[in-house]
Amino acid sequence: MSKKLEVILTEDIKNLGKKWEVKKVRFGYYYHYLKDELKEKIWLYNPQNRQIMEKRKQQEHSVSLLREEKAKELYEKINNSTLSFSLKKDKNDKVFGSIRAEDILKEMKNQGFHLEKKHLLDFTPLTNLGDNLLKIKLSEKLIAQVKIIIIAGE
């Protein structure tokens with residue numbers, strides 16, 4: 001009969017468990033694999049580590065609530081807003097150039113919204129004149145839509 005140890009996972013570990021779970025593992029598995037390969041991702045279970053785990057869980061939860069609150073505020077401001085851009089076109093109504101992510105982010109920054117390229121969902125450079133919808137992921141639960149209007153310039 002093999003001895004089992006209890007460990008605390010500080011990160012998600014494939015085939016073992018989720019972050020902050022307490023798992024029982026065989027001593028040999030811990031000693032030969034987990035201790036060396038994943039030493040930053042696991043702690044041995046003891047009362048002191050349990051207290052540290054509870055504090056960190058609570059801190060992470062409060063930080064995630066704060067982020068979610070900020071995302072909701074940003075969502076209220078940004079959702080259904082409109083951005084306008086101009087692209088040159090020739091006599092045959094062919095458009096030159098495109099609106100890139102950098103252009104959109106620069107315009108958003110001018111309006112007071114500081115976003116990164118990773119927030120733009122399924123973005124491809126825009127070349128169609130008229131209205132285009134852009135989805136912006138503010139958090140796991142909140143996705144805002146921004147209307148991009150592209151007009152023909154000279």
Among the residues of segment 80-100, is there at least one that is farther than 15 Å from I151 by Cα, hydrophobic (A, V, I, L, M, F, W, C) and not in a loop (DSSP other than H, G, I, E, B)?
-> no
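Listed here are the residues, each with its yes/no results for (1) over 30 Å from E11 (Cβ atoms); (2) among the basic types (K, R); (3) modelled with pLDDT of 90 or more; (4) outside the structural domain of K41 (by TED's automatic domain parsing).
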{"site": "R56", "(1), (2), (3), (4)": "no, yes, yes, no"}
{"site": "Q59", "(1), (2), (3), (4)": "no, no, yes, no"}
{"site": "S62", "(1), (2), (3), (4)": "no, no, yes, no"}
{"site": "T82", "(1), (2), (3), (4)": "yes, no, no, yes"}
{"site": "N92", "(1), (2), (3), (4)": "yes, no, no, yes"}
{"site": "G97", "(1), (2), (3), (4)": "yes, no, no, yes"}
{"site": "F113", "(1), (2), (3), (4)": "yes, no, no, yes"}
{"site": "P125", "(1), (2), (3), (4)": "yes, no, no, yes"}
Taking segment 115-142, which residues are closer than 14 Å to L74 by Cα, in contact with a helix residue (DSSP H, G or I) (Cβ under 8 Å, 6 or more places away or on another chain) and either in contact (Cβ under 8 Å) with a residue 40 or more places away in the chain or surrounded by 10 or more Cβ atoms within 10 Å (Cβ to Cβ) (or both)?
-> L115, I136, K137, L138, S139, K141, L142
Could you list all residues from segment 64-85 that are under 18 Å from L126 (Cβ atoms) and of a type in the set (A, V, I, L, M)?
-> I78, L83
Exactly one of (1) over 21 Å from the mean Cα position of the chain (by Cα); (2) among the charged types (D, E, K, R); (3) assigned to a helix (DSSP H, G or I) is unmet by K106. Its number?
-> (1)
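The values are calculated or read from the model by the stated rules, or taken from the named source; none is laboratory data. These figures come from a predicted structure and were not determined experimentally. For neighbour counting, all protein chains shown are included, and Cβ atoms are generated from backbone atoms with ideal geometry for every residue, glycine included.
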